[in-house]
Every structure is written in structure tokens, then in C-alpha cells.
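This report refers to the structure that appears directly beneath it.
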Amino acid sequence: MMWNVGWLDGSDDSSSARSSEESSSSSEEYNSDAEETDFEDEEDAAAFQGLTKGQYRREILPVKDDCTDLFSYCFHDDLSDEGKMRLGSYLAMCERGPTAFRVRLYESAPQSVWLLFQGPWEQEHNLRQFAIEHLPPAGDDRLLPLDRTRLTSDDWTAIAGYLKKAPRLSVLEIGCLSFGQGQLELLASGLPPNLQDLTLGTLDIGDDSSWGHLFNALKECRQLKDINVVNCGAGQHVCQGLAGILQNRETKVETLSLNKNAIDDNCVRILCAALFGNSSLKTLHLQNNRRITADKCWAEVERLVYDNSSLERLHSCNHSLQHVFGLPVEAMTPQLWNAFHINADYESSTPRSKFLQKLFHAIYADRGNEFDIAPFVDYDVRLMPFVLSLAAMRFKIDCLYELIKQWNVAELFGFPSPEKERLSAKMSNLETENIDLRNEVKLLKQEVARLASENSKLKSEAMKPGKRARTGDD
């Protein structure tokens, strides 16, 4: 991500400290202006009269001249609507930039934010990263939920329209804002399909059902890799929405952060159940969720990545998860630690290689390096090639002999080989062709019988006396 925002970890003090530091440095920078730039024209002077000349030089001119890639704007209510509209028109006329746009809001109810995004956006622009966040005034550490900034529906409609015209947008960050009824749906309507990194921090969503619109839109973001929902009161409803994204076999989500929310054991169970059909997630963050029971959650995770209760379970639970943060490491079993290590091993890039390594631990390493096939003789015979392959590579010949000897050999020989399956399929096709040929022959015989009948009628008519006499006269 491009910006290290203070609300990402849900820490009010860090946000306030950063705000104070930035405001102080900005103030020093403005006061140290030895050379101030006059407004370029009378229209700018009238529109931006609420800004100092230093602010005009640093915040307006780079956008007007289309010479900035990173545009960080402190939204001022003392700027007139005419000034906001004029700055918005400058943004709409930019052909090259900005590629990164960050808006900081200091008031709890900023006025006419929509004017900054009203355009008109007649063509697509090059925006790749966008952030909008509320920062308290310098020295104000009372960032309570009631103090979060609330934008209007017109504001979110305009922002969504701005984002729609940014097909290359890959990073979106929103922090310390309060959403009203239907406003999250407006934001969701503007999400671009190429979004890769979404961060929602310290948000007041209100109605949990509003999350559904956002998650439905995120399902269409096929390039999404990082989802961060931090300090938003997220619970089971949010986890169910995230489960719908993770269950999609085309998803590319690698990191999911749910720090400082209302996540409990049932939430973890919902996420792990969704991950059984997932092969992309590598890191899960669950820090500062006090409702989680460590033992229960580690058990859910272990069933996901290393369930050695049966060979079938071990084969089906071969997930790629590598790290879970927020649970005590001392409560993790050695088997789970080994599974995480196998998943993170660069040599274990394919599901087959991961499964073979996990299988080795299940029937050998986890049993004190003593080979014991007895607990595994009832496994599905279709998985025997995996076991034999592992035994041939990692075990001695006597282990391989015992493995074959104790397995259900009768079932093994009764199981169709690939060659038998191929021949059976070929025979089935030949039988189908034979039936079709028989039906075709039957139709041909019927046609021959019809033609013979017609020929017989014609001969009978030709043999009548009247017809023979006329023939003789002729």
C-alpha cells in the first residue's frame, strides 16, 4: 500500500499524533515562505481566496498545470463552493495525473465535498491510488465513533463517479468515516474491476446489511489481493460476506486483515469453512479480537491445513495458508507448525508436493520417525499412488513392502486401471456407433420395401390389356 495511515491499526493516538505532526510541519512550511506566489489570474484569486498563497502554490497549481503524480489535499470548509468547483474542474482537465490522490477531512461534517469530484469526467483518467480519511485537528485525541466524519449521499455519488473513470485504480483506502443508509452501496457502485488493495479502517457502517452491497461488488474485482477491514466492528455478517469472496475459485486474495473487530470463534469457523475451496489465501490477521478462543481457533485452522484423521481428509484439506497472526503461538500444535512451514516452503509450490510432505509427517515424522501403516490401511485406494510415490522416495524397501502388503490389495486389483478405463470408454463409443448403424440399416430396409412395392404396382399397370392394345396400335 502507498500510505501508512494511522487508522489502519485502529489506534486513535497514532492517528492524532500523526495529524498533529503533519499539521505542525505544514504550519512551519507555510510560515517559512520567504517567497509567496501570487494567484495566476483574477478568477483564481476570487475562487481560492479562502486559501493562503502558500496553499495555493502547493495544492492548486500542481493540479492546474497537470504536473503532479501524488496529490494530497486537505479539504477546507473555508474554501468557497466556487473554489471547490474550480479545483474539481482542474482535476477533470488533467490528462497525465494525478496517479495518487489523497483527501484529508478535518471537519466532522464537511460541506460540498461532491464539488471536488463533479468533473465533468468526459474521459478515463490515470488514477491508480485513492484515499479519503478524517483526521482530527492538531492536539485533539478524542477520536470517538461519534466524531467520525459523515459525508452526504451526493458526496459519495460524485466520488463513485470519479472512481468509475479510473480503470487502472488498484489501491483504495477509506478511514474514520461514518456511512448513512445506502451510502456504502453508492461507494460499491464505483469500485473498478482491477482493484487489488482495499483498506477500510475505523468505519461506522451502521446497518450490517449494507456490507452485502460492498461484498457483491468485490466479487467482480478479480484482481483483488489484499482486503483490510480494521476496527469496523466486523462480526459474523462481515465474515459471511468475505466467505462468499473466498469461496470463488477464481479469487486471488492472498491477505485478509480483520484486526480489532468483533471476530469470535464462529467467525473463524465461517472463514475456515469457506477456505476449503480456496487456494490463494496465505496470511490471515486476527489481532486484537478478544472474543476469540485460541484453542478452538487453532483447531479450526489445523483442520483446514493439516487434518490427519484420515488420508482423504489430509488430501482434501491441503490449503496454502502460511500465517495466522493474533493467536498465541504457544497454543499451536507441532503438526500445525509443520504444515505452515510446508506451505511456506518455496519447494512446495504445487498441491501434490505439499500433500506428499504432509503425508510424510502423518505416517512417519509425527510418529517418532517409526513407520506405522496400521492406522492408514482403510484409506481410499485411489490415493494409494500418492502414498507409493512418497514411500519410494522417502522410505526403505521394507516399508514399501509392508505398505503394499497391508493395504487392501483385493480392492486395489479390482480398481480399474487407466488403460481399462480407456478401453471401456472406447467400447462404449463403439456400442453407440453400432446402435446408430443398426437404426440406419432398418431405415434403409424400409425404404427398399417401399420402392419394391411401387415397382410392383407399375408392372401391374403395364400388364393391363388396354394398355397393351394401345401399345400395339402405336
Which one is modelled with the highest pLDDT, of the residues in the stretch 163-178 that are under 20 Å from residue 115 (Cβ atoms) and touching a strand residue (DSSP E or B) at 6+ places or on another chain (Cβ under 8 Å)? 174
Among (1) farther than 28 Å from residue 350 by Cα; (2) open to solvent by 20 Å² or more (accessible area, probe 1.4 Å); (3) in contact (Cβ under 8 Å) with a residue 60 or more places away in the chain, where does residue 261 come up short? (3)
Restricting the first residue to the stretch 277-292 and requiring it to be touching a residue at least 12 places away in the same chain (Cβ under 8 Å), which pairs with a second residue that is buried (at least 21 other Cβ atoms within 10 Å of the Cβ) and among the basic types (Lys, Arg) meet a Cβ separation below 8 Å and a spacing of at least six or different chains? 287/260; 288/260; 289/260
Find all pairs meeting these conditions: Cβ atoms under 9 angstrom apart; at least six residues apart or on different chains; first residue within the stretch 190-211 and closer than 18 Å to residue 159 by Cβ and in contact (Cβ under 8 Å) with a residue 40 or more places away in the chain; second residue in a loop (DSSP other than H, G, I, E, B) and hydroxyl-bearing (Ser, Thr, Tyr). 197/170
Hey, can you tell me all the residues within the stretch 281-311 that are hydroxyl-bearing (Ser, Thr, Tyr) and touching a Ser or Thr at 6+ places or on another chain (Cβ under 6 Å)? 283
List every residue pair whose Cβ atoms sit under 6 Å apart, with the two residues 6 or more apart in sequence or on different chains, where the first one lies in the stretch 95-114 and is at positive phi and the second, anywhere, is open to solvent by less than 50 Å² (accessible area, probe 1.4 Å). 112/84
Tally of residues being assigned to a loop (DSSP other than H, G, I, E, B) and among the aromatic types (Phe, Trp, Tyr) across the stretch 54-112: 1
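The values are calculated or read from the model by the stated rules, or taken from the named source; none is laboratory data. What you see is a predicted model; the values in this text were computed from it and never measured. Cβ atoms come from the backbone with ideal geometry, glycine included; neighbour counts cover every protein chain shown. Protein only, heavy atoms only, side chains kept; ligands, DNA and RNA dropped before computing areas. Shrake-Rupley method; radii C 1.70, N 1.55, O 1.52, S 1.80 Å.
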